[in-house]
Amino acid sequence: NTYNLKNGGIAVKCNDINDLQKLKKEAETKLMEYDVQISKMIKPRFKIVSYRGNLKKEDVETCLRDQNQFINDSEELKINFIKTNKRKRTQTIYGECNATLFKKFVNKGKVFLQWERYPFYEDLDILRCFKCQEFFHRSNNCPNADRCNYCSENHTVSECQKSNKKCINCLKANAKYGLDLSTDHETSDINCPTYQYHLNVLRGKIDYLGVYG
């Protein structure tokens, strides 16, 4: 797979680390005027939801290792931050780990933490603005006008009186790239083709195999 980059470069995706290294060597030999690099992959990220305890961030890792015997001492595990849901009075724990441990977490589905078992999920999502509905920025610094999540017209969703759904992101992708994506869905639909495209691009940057780091 190849992807055009914003800076004028090209990204090439390989399924095998040996193929990747061979390709890099050939490119350096035959394309000497180009800068050839192996992109740094990011570690799989996870979230533990509905946590009702009172552990601090620095203590969660220790507790997870002590209570879940499948976590080996040599495996990488890092807790990045804890987010509080004041309405539900629960917390979500966000972290990252190496590929082998991530597969173990996924297979288990839940982890022991203090007195309970909590659901484990991959932390994989694309940022979407709740004001204009476009991707990769937040509503608090959005320069665009309000756009309805349901019909994509210039009003808030609470003011919408339309009966037909329209996704602004798929409409724009069709216009820009000459695609024929389905547009009859809300912009927040997780099956939105544009959202799924960006999700797959993000997955391509994650080291699920544990061979890059």
Query raised in the report: Across the range 179-201, what is the number of residues that are open to solvent by less than 60 Å² (accessible area, probe 1.4 Å), farther than 21 Å from Leu124 by Cα and of a type in the set (A, V, I, L, M, F, W, C)?
Result: 1
Query raised in the report: From the residues in the range 123-139 that are in contact with a Lys or Arg (Cβ under 7 Å, 6 or more places away or on another chain) and not in a loop (DSSP other than H, G, I, E, B), which one is least open to solvent (accessible area, probe 1.4 Å)?
Result: Phe135
Requested in this report: Would you point out which residue out of Glu28, Glu96, Glu58 is touching a Pro at 6+ places or on another chain (Cβ under 8 Å), farther than 18 Å from Phe112 by Cβ and not hydroxyl-bearing (Ser, Thr, Tyr)?
Outcome: Glu96
Report summary line: If we ask which residues in the range 186-213 are over 15 Å from Phe135 (Cβ atoms) and either free of Cβ contacts under 8 Å to residues at least 12 places away in the same chain or not β-branched (Val, Ile, Thr) (or both), their number turns out to be 10
**Report entry** Exclusive hit being assigned to a loop (DSSP other than H, G, I, E, B), of a type in the set (S, T, N, Q) and modelled with pLDDT of 95 or more, set Thr187, Thr194
**Finding:** Thr187
Report task. Determine, yes or no, whether Cys170 is modelled with pLDDT of 95 or more and in contact with a Ser or Thr (Cβ under 7 Å, 6 or more places away or on another chain). Result -> yes
Query raised in the report: Would it be correct to say that Lys47 is surrounded by 11 or more Cβ atoms within 10 Å (Cβ to Cβ) and either touching an Asp or Glu at 6+ places or on another chain (Cβ under 9 Å) or closer than 27 Å to Leu124 by Cβ (or both)?
Result: yes
Requested in this report: Go through the range 87-122 and give me each residue that's assigned to a strand (DSSP E or B), open to solvent by less than 60 Å² (accessible area, probe 1.4 Å) and more than 27 Å from Asp189 (Cα to Cα).
Outcome: Cys97, Val111, Leu113
Requested in this report: Could you give me the residue pairs with C-beta distances under 6 Å whose first residue belongs to the range 45-59 and is of a type in the set (A, V, I, L, M, F, W, C), whose second residue is part of a loop (DSSP other than H, G, I, E, B) and open to solvent by less than 70 Å² (accessible area, probe 1.4 Å) wherever it lies, and which are 6+ apart or on separate chains?
Outcome: Phe46/Asp123
Report summary line: For His155, the lone unmet condition from (1) over 24 Å from the mean Cα position of the chain (by Cα); (2) open to solvent by less than 60 Å² (accessible area, probe 1.4 Å); (3) in contact (Cβ under 8 Å) with a residue 24 or more places away in the chain is (3)
Requested in this report: Please work out if Lys176 is surrounded by 12 or more Cβ atoms within 10 Å (Cβ to Cβ) and either of a type in the set (Lys, Arg) or free of Cβ contacts under 8 Å to residues at least 12 places away in the same chain (or both).
Outcome: no
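The values are calculated or read from the model by the stated rules, or taken from the named source; none is laboratory data. Values in this document were obtained by computation on a predicted structure and should not be read as measured data. Cβ sites come from the backbone with ideal geometry, for glycine too, and all protein chains shown count toward neighbours. Calculation scope for accessible area: heavy atoms of the full protein, side chains included, ligands and nucleic acids excluded. Shrake-Rupley method; radii C 1.70, N 1.55, O 1.52, S 1.80 Å.
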